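Reviewing the structure listed below.
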Amino acid sequence: MEADMEGYEQECAEVFLKEQEKLLPEPIVSTLEEALEFLEDCLAVVLDSAEEIRAYWEEEGVDLENLSDEELLEQPEVFLLPSGKYLIVEA
């Protein structure tokens, strides 16, 4: 089920660079290149829907039983991309 970032690298790097403090207490990347490298290092994935995110995290052993889809999409690891897909970053 794991999706990769192929074809979305630029979009993902731009969103993460702009919104990284949603996930991290302070900025750790300052350029698109650094953002892309960070996303590759932490094996970030791009998924299409809340259902895919739920399935991905359940596969990873994350307990999501009490989270609605809306709450799931509000998690700090979830970044909405301009394409409507979701970037998942587990730092």
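Helix 32-41 and the longest principal axis of the Cα set of the chain meet at an angle near 40°.
The order of Tyr8, Tyr86, Tyr56 by accessible area, most exposed first and with a 1.4 Å probe, is Tyr8, Tyr86, Tyr56.
Only the Cβ atoms of Lys and Arg (+1) and of Asp and Glu (-1) were treated as charged; on that basis the dipole of the chain about its Cα centre amounts to roughly 280 debye.
Give me the tail of P(r) for the chain as a percent: Cα-Cα pairs with distance above 22 Å.
Details: 888 of 4095 pairs.
Percentage above 22 Å: 22.
Express the accessible area of the chain per residue in Å², computed with a 1.4 Å probe while the remaining protein chains stay in the model.
Result: 60 Å² of accessible area for each residue.
Karplus-based coupling profile of the range 67-77, in residue order and whole Hz: 9, 6, 4, 4, 5, 4, 6, 8, 5, x, 7, with θ = phi - 60° in 6.51 cos²θ - 1.76 cosθ + 1.60 and x standing for Gly or Pro. Ordered by 1.4 Å accessible area with all protein chains kept, Lys18, Lys85 run largest first as Lys18, Lys85.
Taking Cβ atoms as reference points and 14 Å as the exclusive limit, the residues near Glu19 contribute a net charge of -4, counting Lys and Arg as +1 and Asp and Glu as -1.
The values are calculated or read from the model by the stated rules, or taken from the named source; none is laboratory data. All values derive from a computational prediction rather than experimental measurement. Here Cβ is always computed from backbone atoms with ideal geometry, including for glycine, and neighbour counts include all displayed protein chains. What goes into the accessible areas is simple: the full protein's heavy atoms, side chains included, and nothing from ligands, DNA or RNA. Shrake-Rupley method; radii C 1.70, N 1.55, O 1.52, S 1.80 Å.
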